[in-house]
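For reference, the structure is listed below as structure tokens.
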Amino acid sequence: MSGTSLKFGTSGLRGLADELNGLPAYAYSLAFVEMLSEAGKLRRGDKVFVGRDLRPSSPAIAALCMAAIEDAGFQPVDCGVLPTPALSHFAISQQAPCIMVTGSHIPDDRNGLKFYRNDGEIDKNDESAISAVYAALPENLAFRHLHDAPLSSDTIDRYVKRYVDFVGLESLRGLRVGVYQHSSVARDLIVRILTELGAEAVPLGRSDVFVPVDTEALRSQDIELLDRWAKESRFDAIVSTDGDADRPLIADEKGRFVRGDLVGAITADWLGVKTIVTPVTSNSALEENFERVIRTRVGSPYVIKGMAQAVADGISAVVGFEANGGVLLGTDISRDNRTLTALSTRDALLPILSSLGSVKELGKPLSEIAARFRFRVALSDRLQNVPQEQSLAFLSLLKNEATRSALFQMDDPIVRSETIDGVKLFFHSGNAIHYRASGNAPELRCYVEASDESQAEALLETDLLSPATQRRTTEQ
């Protein structure tokens, strides 16, 4: 089978919703369970859990997934609308695989599938195996929808219990937290958990229309809302997530967005962890704050691989996170005689609760806690509608020293470069520019670091939006 825009990206299969909603959703789900069956990890009659986000296309796609599971001889279980980490956590507890229907943070004309084995998220080898099974399926494969699969009733309750038990009842009493609900699958769950922990949770900005909140590239509307809410009322923080709640959005008491990698650092610090695993897009100040920092390519499968290597090296406590703020636990973590079990799936709730826990325990505003990490000012943006092949051609040019010198004609010379994922350039001043092709959409992403906001804005404006850069990407 072939002929669609669907492909595996940094986390799961993504593409146009109209293309996924039909035979491809059925066929990829069939390929997933057949791959597990062939590997001896799934037996006929075993349960496979299915969840979804709030996109308009997600219910129909989930029904296709469940039909494929049933037709392959397995038992689909409908978990309904819930966070991706809640689905994964429950499936692991049942030693069962699962499929999450979600496009995460991308616009609602797109959607996707995230696949999980009974021990957590699939890896790149699994993606290749699924793609091979999918490619071998006949083009005229019959497919159907299944709307009456058995329902799971306690999936969300177990996820709530996980965090209430670890953080502790009433432990956040006295905090007032705004909850930006929009169309997040966690919009009611966050209010519930915060209330059980003793905080005053104030719902804000609920939407019946899907809102594509991208925690690496916030919309101007989101920034304006956070600022307005903070000015209109007193909050210790304003929190939210992306569409499927595996990336947090956190603003401090002034309504200022706290970058995801900084949220990850606050989380690891609150958990008392000294070894972190994070992609090259995360701030370079991390090396100054933790004993060991393992850098990876962008994407949760690479972070999971890095955490596994750290455990193999004998590290007993490992936390992974990405620049989008999603946190993964590579090991069980103990704190105050309570243990949080490992969950190698990006999660937005843990960093939200860790940040609020830091505010409560230290008795300091979130802005002051964040400043302690001395992060360089970092900004990111993207050139949209740039096909991946054009982005890759542009990145290939950047690996050439002469091309780099011609493109970056400035007084601040390049002192070194890294090519772990895309091309990251380090300058004599300490500034940095990182280009990479998005794994989820036809975009060229750009990340910059500088000593202050004006420098960072100038770098981003000059090196992403300059005519030279745009010409280079469109001419390839």
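State which entries of Lys364/Lys424; Lys114/Lys399; Lys254/Lys360; Lys7/Lys424; Lys360/Lys424 exceed 28 angstrom in Cα-Cα distance in the structure shown. List each step's numbers first, then the result.
Details: Lys364/Lys424 35 Å; Lys114/Lys399 33 Å; Lys254/Lys360 17 Å; Lys7/Lys424 25 Å; Lys360/Lys424 37 Å.
Correct reply: Lys364/Lys424; Lys114/Lys399; Lys360/Lys424.
Taking a ≥ b ≥ c as the square roots of the Cα gyration tensor eigenvalues, with a/c under 1.5 meaning rounded and otherwise prolate when a/b beats b/c, else oblate, which class fits the chain?
oblate
If each of Leu151 and Glu170 carries a label point 7 Å out from its Cα toward its Cβ, how far apart are those two points in nm?
Label at Leu151, label at Glu170, 3.5 nm between them.
In a shell of Cβ-Cβ distance under 13 Å around Arg144, excluding Arg144 itself, what net charge do Lys and Arg (+1) and Asp and Glu (-1) give?
On the way: positive: none; negative: Glu70, Asp71, Asp148.
After counting each charged neighbour, the total is -3.
Report, by chain and number, residues whose modeled amide H sits under 5 Å from the one on Phe74, excluding near sequence neighbours (fewer than 5 apart, same chain).
Answer set, sorted by chain and number: Gly45.
Percent relative contact order of the chain, based on C-alpha pairs within less than 8 angstrom and at least six residues apart?
This gives 13 percent for the chain.
Glu232 to Ala406: extension gain in nm, 0.36 nm per residue of separation minus the Cα-Cα distance?
Using 0.36 nm per residue and subtracting the Cα-Cα distance, I get 57.8 nm.
What length, rounded to one decimal in nm, is gained on full extension from Leu141 through to Ala458, with 0.36 nm per residue of separation minus their alpha-carbon distance? Mind dumping the intermediate values first?
Details: separation 317, 0.36 × 317 = 114.12 nm, distance 5.29 nm.
Gain on stretching Leu141 to Ala458: 108.8 nm.
Only loop residues by DSSP count here, and only those with at most 16 other Cβ atoms within 10 Å; note down the GluC sites (Glu not before Pro) in segment 32-129 that meet that. Write out the running numbers ahead of the final one.
Numbers: sites: Glu34, Glu38, Glu70, Glu121, Glu127; in loops: none.
Answer by residue number: there is no such site.
Take Ile223 and Ser93, extend 7 Å from each Cα along the Cα→Cβ direction, and tell me the distance between the two endpoints in nm.
According to this spin-label approximation, the distance is 4.0 nm.
Could you give each residue of segment 41-57 its phi-based ³J(HN,Hα) in whole Hz, using Karplus coefficients 6.51, -1.76, 1.60 with θ = phi - 60°, and x for Gly or Pro?
Taking θ as phi minus 60°, the curve returns 9, 8, 10, 3, x, 5, 7, 10, 8, 10, x, 7, 9, 9, 5, x, 7 Hz for segment 41-57.
May I ask for the net charge around Lys305, where only other residues with Cβ less than 10 Å from the Cβ of Lys305 are counted and Lys, Arg are +1 while Asp, Glu are -1? Let's see the in-between values first.
Numbers: positive: Lys124, Arg297; negative: Asp123.
Spelling it out: positives minus negatives among the neighbours equals +1.
Taking the Cα centre of each part, how many Å lie between segment 222-248 and segment 127-183?
22 Å
Near the amide H of Val179, under 5 Å away, which other amide H atoms are found, from residues 5 or more places off or on another chain, if H is placed in the peptide plane?
Val202, Leu204, Val239
Restricting to DSSP H runs of at least four residues, report the calculated mean residue ellipticity at 222 nm for the chain, -39500 (n - 2.57) per run over all residues, nearest 500 deg cm²/dmol.
It lands at -11500 deg cm²/dmol.
Along the charge dipole of segment 377-475, pointing to its positive end and built from +1/-1 on Cβ of Lys, Arg, Asp and Glu, which listed residue (Leu398, Pro413, Val377) has its Cα farthest out?
My answer, from the dipole projection, is Leu398.
Quick note: the coordinates plus some simple rules give every number you see, no bench work behind them. Computed from a predicted structure; not experimentally measured. Because the Cβ atoms are built from the backbone with ideal geometry, glycine has one as well, and the counts that use them run over all protein chains shown.
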